[in-house]
1. Is it the case, given these coordinates, that THR36 is over 13 Å from the mean Cα position of the chain (by Cα), closer than 22 Å to ALA123 by Cβ and of a type outside the set (Gly, Ala, Ser)?
2. Kindly provide the set of residues from region 43-88 that are modelled with pLDDT under 90, of a type in the set (S, T, N, Q) and loosely packed, with under 14 Cβ neighbours inside 10 Å, ordered by number.
3. Scanning for something surrounded by 12 or more Cβ atoms within 10 Å (Cβ to Cβ) and among the charged types (D, E, K, R), does region 25-35 turn up at least one residue?
4. Report yes if ASP106 is among the charged types (D, E, K, R), at positive phi, exposed (fewer than 11 other Cβ atoms within 10 Å of the Cβ) and out of contact with any Lys or Arg (no Cβ under 7 Å at 6 or more places or on another chain), otherwise no.
5. Where residues in region 15-42 are under 19 Å from LEU71 (Cα atoms) and among the charged types (D, E, K, R), which of them is modelled with the highest pLDDT?
6. Out of the residues in region 31-73 that are in a strand (DSSP E or B) and in contact with an Asp or Glu (Cβ under 9 Å, 6 or more places away or on another chain), state the one that is nearest to PRO17 (Cα to Cα).
7. Just to be sure I understand the filter: pairs with C-beta atoms under 9 Å, separated by 6 or more residues or on different chains, first member in region 76-89 and of a type in the set (Asp, Glu), second member loosely packed, with under 10 Cβ neighbours inside 10 Å. Which pairs pass?
8. Might you check whether a residue that is under 25 Å from GLY55 (Cβ atoms), free of Cβ contacts under 8 Å to residues at least 12 places away in the same chain and part of a strand (DSSP E or B) occurs anywhere in region 93-101?
Amino acid sequence: MSAMADFDAFLNALIAPKYYLLLDDENIAGWAATFTAGPVRSFFIMLNGAYHGKGYGTTLLNELKKEGPQLFAWAIDHNNDVKPDGKPYPSPINFYLKNGFTVNNDLRLENEALSAVNILWEAK
């Protein structure tokens, strides 16, 4: 199965998904989704690299937080991965910490494709 077919299968399996698209003029700056996974609302977020460090990711994340009271996800917590173009993929952990998430180092996702740690945001 191709990577795109795997991704389509992943999207089709989401329970109660809600999608978010962040546009800047004609460009897609970011894309995110929330979905139900067990007792929690989970999410993923993707931001075009050209928009990193400009507040776009925080804007998108703040929209997701409106679904509260919790958001659960996995985040890469190391700098060992590379993007398809060969450039390093930096860990987004500091971004999530800056945006009020906590890191649960005792809950990890480890498989041949991904090594990640649990992150959690809870409304206060």
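The values are calculated or read from the model by the stated rules, or taken from the named source; none is laboratory data. None of the values given here were measured: they were computed from a predicted structure. Note that we place each Cβ from the backbone using ideal geometry, even for glycine, and neighbour counts take in every protein chain shown.
1. On the way: over 13 Å from the mean Cα position of the chain (by Cα): yes; closer than 22 Å to ALA123 by Cβ: yes; of a type outside the set (Gly, Ala, Ser): yes.
Answer is yes for this residue.
2. Selection gives ASN79, ASN80.
3. Checked against the condition, which is being surrounded by 12 or more Cβ atoms within 10 Å (Cβ to Cβ) and among the charged types (D, E, K, R), region 25-35 yields no hits at all.
4. Numbers: among the charged types (D, E, K, R): yes; at positive phi: no; exposed (fewer than 11 other Cβ atoms within 10 Å of the Cβ): yes; out of contact with any Lys or Arg (no Cβ under 7 Å at 6 or more places or on another chain): yes.
No, not satisfied.
5. For region 15-42, the residue satisfying everything is LYS18.
6. Taking the candidates together, the pick is THR34.
7. ASP77/ASN105
8. No: region 93-101 contains no residue that is under 25 Å from GLY55 (Cβ atoms), free of Cβ contacts under 8 Å to residues at least 12 places away in the same chain and part of a strand (DSSP E or B).
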